[in-house]
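Structure first, commentary second.
The values are calculated or read from the model by the stated rules, or taken from the named source; none is laboratory data. This structure is a prediction, so every number in the text was calculated from the model and none was measured. No Cβ is skipped: glycine too gets one built from the backbone with ideal geometry, and neighbour counts run over all protein chains shown.
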Amino acid sequence: MTAYDRFQQAFGGSISSENHLSMPLIMTFASRWIGVTYKDYLQDPTLQARAQFETAKAFGIDTLGAISDPVTELSSMGGAIVWFEDDPPAPDPLTVFLSDYARLDDLRVPDPRGNNRMGLRLQAIQEMKRLSDHQYPVMGWVEGPISMAAVMRGMTNLMEDLIDDPEVIHRLFTFCVDVAVQYAAAQVDFGADFIGFGDAPASLIGPSYYQELVLPYEQEMIRRMHELGVPVRMHICGNTTKLFPYMAQSGADIIDIDSIADFGLACDQIPSTIHLLGNLDPVREVLNGEPIAIRERIDECRALARDRYVIGAGCEIPARTPHANLAEFRSQI
């Protein structure tokens, strides 16, 4: 049975304790695996697809992922970004894209199929789908509302806005959801079998702000993505322990639990109908640990989450992870 078949079974309701999927976030490790810089990996869709495919084959990973960095949408809007050879690009700290909210009314959703970085991801997904030939599910990726808003507005500005001007936050998040959903729709058209989204800044705010200002937009985004006919994966970096009761209401089909969050509590507070992924420490355990310890931690997580467990780390697999360590993430089937 292929990874694609097991993915279809899992989200058709027939996942079993002997059929755990392995879906760690593989980004910089994949470029390093085929011997190219991460910058080249991102700018060449064929390299990105080949790296994902070769990594999945070599290490028993159950998905090919078109996740790359948090500024794909920003750069496609015309925002300034800074490139690095072997790390993900970042917003230009000297140029805030949305320095004045007066610009918000004039912003338009960028064309996902355009000659931009959003379009490059679509090409990568199409090539992943071709290489996979239904061996692996392909994961598309978008930024969630607070993540996209943070790179547009600047993290410090956005955090102040959450307190000082929640009304303008509603307008900004509405725009971000529209961008994400239209981008997700294009990715599904190009072959994505499910969509993941990152909303890392959500872990930096308290439960009341999350419940009032962020969760409704994540729910709307997920609802509209479900209308595309695909499952949705939610990834929020950081300590989300206090957010679990609200994340449980998001509608996501898979929720990633970072290593500093309480995985046992997540299993208690998030309904058993939702798959839980995690929550090994990417540095202490995955990069610097030993294979036997990784195997034991995966077994601990499996025992807690039981049938709905998805093998993975709290965040991205580091580029220099020893090969023997990543091999421990192989599906247990």
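Values for this structure:
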{"read-out": "Candidate set from the range 48-66 (those that are among the hydrophobic types (A, V, I, L, M, F, W, C) and touching a Lys or Arg at 6+ places or on another chain (Cβ under 9 Å)); member that is nearest to Tyr136 (Cα to Cα)", "value": "Leu64"}
{"read-out": "Helices (runs of 4 or more DSSP H) contained in the range 32-136 and holding at least 3 residues touching a residue at least 60 places away in the same chain (Cβ under 8 Å), in contact with a Gly (Cβ under 7 Å, 6 or more places away or on another chain) and not acidic (Asp, Glu)", "value": "117-132"}
{"read-out": "Test result for Ser14, modelled with pLDDT of 95 or more and farther than 16 Å from Gly312 by Cα", "value": "no"}
{"read-out": "Ala266 closer than 27 Å to Arg108 by Cα and not charged (D, E, K, R)", "value": "no"}
{"read-out": "Filtered residue count, the range 214-240, keeping only those that are farther than 24 Å from Leu21 by Cβ and either touching a residue at least 12 places away in the same chain (Cβ under 8 Å) or among the hydroxyl-bearing types (Ser, Thr, Tyr) (or both)", "value": "7"}
{"read-out": "Subset of the range 284-328 that is closer than 17 Å to Thr63 by Cα and of a type in the set (A, V, I, L, M) - its residue that is surrounded by the fewest Cβ atoms within 10 Å (Cβ to Cβ)", "value": "Ala327"}
{"read-out": "Filter result for the condition that a residue is under 28 Å from Pro70 (Cα atoms) and either in contact with a Ser or Thr (Cβ under 9 Å, 6 or more places away or on another chain) or of a type in the set (Asp, Glu) (or both), over Glu290, Glu316", "value": "Glu316"}
{"read-out": "Filter result (crowded, with 17+ Cβ neighbours inside 10 Å and either over 24 Å from Ser203 (Cβ atoms) or β-branched (Val, Ile, Thr) (or both)) within the range 128-163", "value": "Met128, Lys129, Leu131, Ser132, Tyr136, Pro137, Val138, Val142, Ile146, Val151"}
{"read-out": "Residues of the range 168-216 satisfying the condition of being farther than 15 Å from Lys242 by Cβ and of a type in the set (Ser, Thr, Tyr)", "value": "Thr174, Tyr183"}
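Listed here are the residues, each with its yes/no results for (1) in contact with a Pro (Cβ under 8 Å, 6 or more places away or on another chain); (2) under 14 Å from Gly191 (Cα atoms).
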| position | (1), (2) |
| --- | --- |
| Phe59 | no, no |
| Asp62 | yes, no |
| Glu85 | no, no |
| Leu98 | no, no |
| Arg121 | yes, yes |
| Met128 | no, yes |
| Leu131 | no, yes |
